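Below is one structure, written out as structure tokens, with a few remarks after it.
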Amino acid sequence: MKNRPKTAQSTMAMRRRLPPGILALAGVAMLALAAPAIAAKQARQPVEAVAPREAGEPIMAIVSIKSQQVTFYDADGWILRAPVSTGTTGRETPAGVFAIVEKDKDHRSTMYDDAWMPNMQRITWNGIALHGGPLPGYAASHGCVRMPFGFAENLFDKTNIGMRVIISPDDAAPVDFAHPSLFVPKREAIAAVPNRADKLSAEAEEATRAADDAKKAAAAAAKEAASLPVSLRKLEQQKSRADAELAFIDKQLAAAKTDQARVKAEELKQKAAAKAADAAAQLDAARAAAQPKRDAVAATKEAAKAAATRKADAVKAATDARLALEPVSVYISRATQKLYVRRNTHKPAPDGGGEVFDTSIEVPVTIRNPDQPLGTHIFTAMAKNDNGLRWSVVTIENGDGARNALDRVTIPQEVWDRIAPTALPRSSIIISDEPLSSETNYRTEFVAVLSSHPQGGFITRKPSAPMAVASDDGWDNGGFGFFFQQRDPYAQPVNPRRRGQYQYYQPAQPMQRSFW
């Protein structure tokens, strides 16, 4: 009995026998001991916050997996913060670089039993998104980033397709940054862009009309000449029969043994000879008439081909001029030793969902000490200043420092000469050890995930299926017909290969270098 534990009733009885003062002191002591732990736990819980100033357009969002928090930034700093719930163990939210590619106010999941994902802002086509959802206070999603329902609703109309979303394993924030390799725009170049775009658009429209006319002329000439082979074959057969008949009568004439037979054969021969001569004349005339038609087919075909080339060049020049009105994003990969450029055309994707991004620049770069890590650094033009642009940097994986990483990359001068003079705020340069994910295609900005961190939520989803691209030879729908000529579904073809635990982007064919 002496070793029997005290029951709850006996414990309460003992407490009732203690003087009130001792009980009060004990309670205070227990609260004092528990207070630091409670305070620490509360301090770790992110809360919603709004910057005490007027907010501008959001430029980027940074999700901290460690702190379970998302922070949105405009040109002057943070504007909104909120707690989030990222992916749970085995379905972790991928850490890396993304951008909003689609928005849906009332989204229903096609992957998780029609689950409601209100105010969904997609960042990959295989199903990773920011959206409203329940927040238990810890990572609990299947890979998406859940935000408070009200926060997601208020945020929805403030963001745009293409806004950068950075998912960091740890806490990260943009830091002011300057470097001579960053874009330095020229005011006169930016000022000249609208007039140049209008002029080139007009030239593209004229070239398109000329190409259409040339194509119609070539089709008409080909149609007219299409019946030539049949008619010529008929005349050739007619002449062959006439010649054969004449030859047969010649044999009859040679074999005639009486004058009467010879006279009859001579009469038949004269008729046959006239018939053969007439067939030969018709054939010669048809052949003579056919040659100009054949020449017309060849000439109109060449003219149509030349007009189509002029149209393509004019449309491309106009497209490039219009793209100069958009922020430009550059991705430099140590894994592939290449530089990629993306700009949003704002043309709706023909297969539904999202917008089309220009993918016409992909060139090799030289990286000093390519075996040494660079890290992953996102440089962003936050706003204009007296020097052109004010930049920040966000580092989400340490390898080399941001400045050293930029120093180690030698960027082709022709790329900088082409895009730097008209660079605008929200332009960016990303340097990373990682290749582009296979999720990067013609209707995404850059998608790159950190291979050194869990990617469960990314792996459990199938990569986006190849999508059919419509054909649009005209200068319609905002003037970006160039992107919709017949071609492979991916503007930059992908050949997924395993690297670590996920697939990554790899060109399957050499890119055309006519861009320059």
Problem set entry | residue 76 paired with residue 284, simple spin-label distance in nm, labels 7 Å along Cα-to-beta-carbon | 9.3
Problem set entry | Charge tally in the Cβ shell below 13 Å around residue 286, where Lys, Arg are +1 and Asp, Glu are -1, residue 286 excluded | +3
For this session: Round to a whole angstrom and tell me the spacing of the C-alpha centers of the stretch 292-314 and the stretch 263-288.
Result: 41
Exercise. What does the highest-first list of 279-292, 251-264, 50-63 look like by mean Cβ count within 10 Å?
Worked result: 50-63, 279-292, 251-264
Seminar exercise, completed: One finds the C-alpha centres of the stretch 202-243 and the stretch 161-196 to be spaced, in Å, by 54
Exercise. Of the cross-linked pairs 239/301; 186/305; 105/311; 66/158; 215/293, which ones have a Cα-Cα span greater than 28 Å in the structure shown?
Worked result: 239/301; 186/305; 105/311
Exercise. Sorted by accessible area (1.4 Å probe), largest first, how do 416, 391 line up?
Worked result: 416, 391
Problem set entry | Kirkwood Rh in Å, taken over the stretch 89-214 so that all alpha-carbon pairs contribute | 18.4
Problem set entry | Spin-label zone in the stretch 209-235 - amide nitrogen under 14 Å from a point set 7 Å from the Cα of residue 299 along the C-beta vector | 217-218, 221-222
Exercise. Near residue 231, within a Cβ-to-Cβ distance under 12 Å, what is the net charge of the other residues, with Lys and Arg +1 and Asp and Glu -1?
Worked result: +2
For this session: Work out how much length residue 277 to residue 222 would gain on full extension: take 0.36 nm times their residue separation and subtract the Cα-Cα distance, in nm to one decimal.
Result: 16.7 nm
Exercise. For the stretch 222-273, with every protein chain kept in place, what is the accessible area per residue (1.4 Å probe, Å²)?
Worked result: 75
Exercise. Please report, for the Cα atoms of the stretch 181-330, the Rg to one decimal and the Dmax as a whole number; what are they, in angstrom?
Worked result: 32.3, 108
For this session: May I ask you to give the solvent-accessible area per residue for the stretch 354-394, in square angstrom, as obtained with a 1.4 angstrom probe?
Result: 37
Exercise. In whole percent, what relative contact order does the stretch 295-385 give with Cα contacts below 8 Å and a gap of six or more residues?
Worked result: 19
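The values are calculated or read from the model by the stated rules, or taken from the named source; none is laboratory data. Small disclaimer: the values here were computed from a predicted structure and weren't measured. All Cβ positions, even for glycine, are placed from backbone atoms using ideal geometry, and neighbour counts span all protein chains on display. Surface accessibility is based on the protein's heavy atoms, side chains included, excluding ligands, DNA and RNA. Shrake-Rupley method; radii C 1.70, N 1.55, O 1.52, S 1.80 Å.
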